[in-house]
Amino acid sequence: PQQLVSLLKESNGITGDYGLGLVWDLDRIVRDNLSFRGDEDFAELYMPFEPLLFFGDAGNGDQFALISRPAGRDDVFVWDHENDSRIWVATDVATYLRWWLQGSLTT
């Protein structure tokens with residue numbers, strides 16, 4: 001989504017309190033997504049990660065993602081690493097950041 005692209009061009013990520021990866025830098029986005037998709041153990045444990053584009057984390061193992069397929073959705077979801085759920089949390093990256101920083105978004 002364009003909001004994530006624009007944000008990465010300006011800041012290459014946003015780090016929150018205690019080093020929290022609110023929005024990872026581009027290198028980590030690429031590295032973590034390739035790692036999740038290529039891990040054979042994950043393939044047995046979890047639903048496919050291909051539709052997701054992970055871009056940040058909650059600091060507790062849960063990760064925030066955009067839907068990469070089908071294209072055209074700006075919604076942000078959280079992937080719960082304990083139960084493999086994927087839950088909608090915000091309409092777009094800007095709203096996700098605003099709600100997280102306001103304390104309205106929790107995982």
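The values are calculated or read from the model by the stated rules, or taken from the named source; none is laboratory data. These figures come from a predicted structure and were not determined experimentally. Neighbour counts are summed over all protein chains in view; Cβ atoms, including those assigned to glycine, are modelled from backbone coordinates with ideal geometry. Only protein heavy atoms, including side chains, enter the accessible area calculation; ligands, DNA and RNA are left aside. Shrake-Rupley method; radii C 1.70, N 1.55, O 1.52, S 1.80 Å.
Is at least one residue of the stretch 15-22 assigned to a strand (DSSP E or B), free of Cβ contacts under 8 Å to residues at least 40 places away in the same chain and open to solvent by 60 Å² or more (accessible area, probe 1.4 Å)?
Checked against the condition, which is being assigned to a strand (DSSP E or B), free of Cβ contacts under 8 Å to residues at least 40 places away in the same chain and open to solvent by 60 Å² or more (accessible area, probe 1.4 Å), the stretch 15-22 yields at least one hit.
For Asp32, are the conditions met, namely being farther than 20 Å from Thr95 by Cβ and within 12 Å of the chain's Cα centre (by Cα)?
Values: farther than 20 Å from Thr95 by Cβ: yes; within 12 Å of the chain's Cα centre (by Cα): yes.
Criteria met by Asp32.
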Subset of the stretch 72-83 [surrounded by 11 or more Cβ atoms within 10 Å (Cβ to Cβ) and under 16 Å from Gly59 (Cα atoms)]: Phe77, Val78, Trp79, Asp80, His81
Residue count, the stretch 40-64, condition under 13 Å from the mean Cα position of the chain (by Cα) and outside any loop (DSSP other than H, G, I, E, B), comes to 8
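Table: residues versus (1) closer than 22 Å to Leu105 by Cα; (2) touching a helix residue (DSSP H, G or I) at 6+ places or on another chain (Cβ under 6 Å).
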residue	(1), (2)
Pro1	yes, no
Leu4	yes, yes
Leu7	yes, no
Glu10	no, no
Gly16	yes, no
Asp25	yes, no
Asp32	no, no
Arg37	no, no
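Are any residues in the stretch 62-107 among the hydroxyl-bearing types (Ser, Thr, Tyr) and within 21 Å of Gly16 (Cα to Cα), and if so, which ones? It would help to see each step written out before you state the result.
The initial filter retains those residues of the stretch 62-107 that are among the hydroxyl-bearing types (Ser, Thr, Tyr), namely 68, 85, 91, 95-96, 104, 106-107.
Correct list: Thr91, Thr95, Tyr96, Ser104, Thr106, Thr107.
Determine, yes or no, whether Arg69 is basic (Lys, Arg), part of a helix (DSSP H, G or I) and either open to solvent by 80 Å² or more (accessible area, probe 1.4 Å) or at pLDDT 90 or above (or both). Give the derivation first.
Details: basic (Lys, Arg): yes; part of a helix (DSSP H, G or I): no; either open to solvent by 80 Å² or more (accessible area, probe 1.4 Å) or at pLDDT 90 or above (or both): yes.
The answer is no for Arg69.
Give the residues of the stretch 33-66 that are in contact (Cβ under 8 Å) with a residue 12 or more places away in the chain, open to solvent by 30 Å² or more (accessible area, probe 1.4 Å) and either under 13 Å from Pro1 (Cβ atoms) or not small (Gly, Ala, Ser) (or both), sorted by residue number. Spell out the reasoning first.
We begin by selecting, within the stretch 33-66, every residue in contact (Cβ under 8 Å) with a residue 12 or more places away in the chain; these are 33, 36-37, 45-47, 49-66.
Next cut, open to solvent by 30 Å² or more (accessible area, probe 1.4 Å) only: 37, 45-47, 50-51, 53, 59-61.
Listed by number, the residues that qualify are Arg37, Leu45, Tyr46, Met47, Glu50, Pro51, Leu53, Asn60.
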Could you please tell me which pairs satisfy a Cβ distance under 7 Å, a separation of 6+ or placement on different chains, a first residue in the stretch 67-87 that is of a type in the set (S, T, N, Q), and a second residue that is not in a loop (DSSP other than H, G, I, E, B)? Ser68/Leu52; Ser68/Leu53
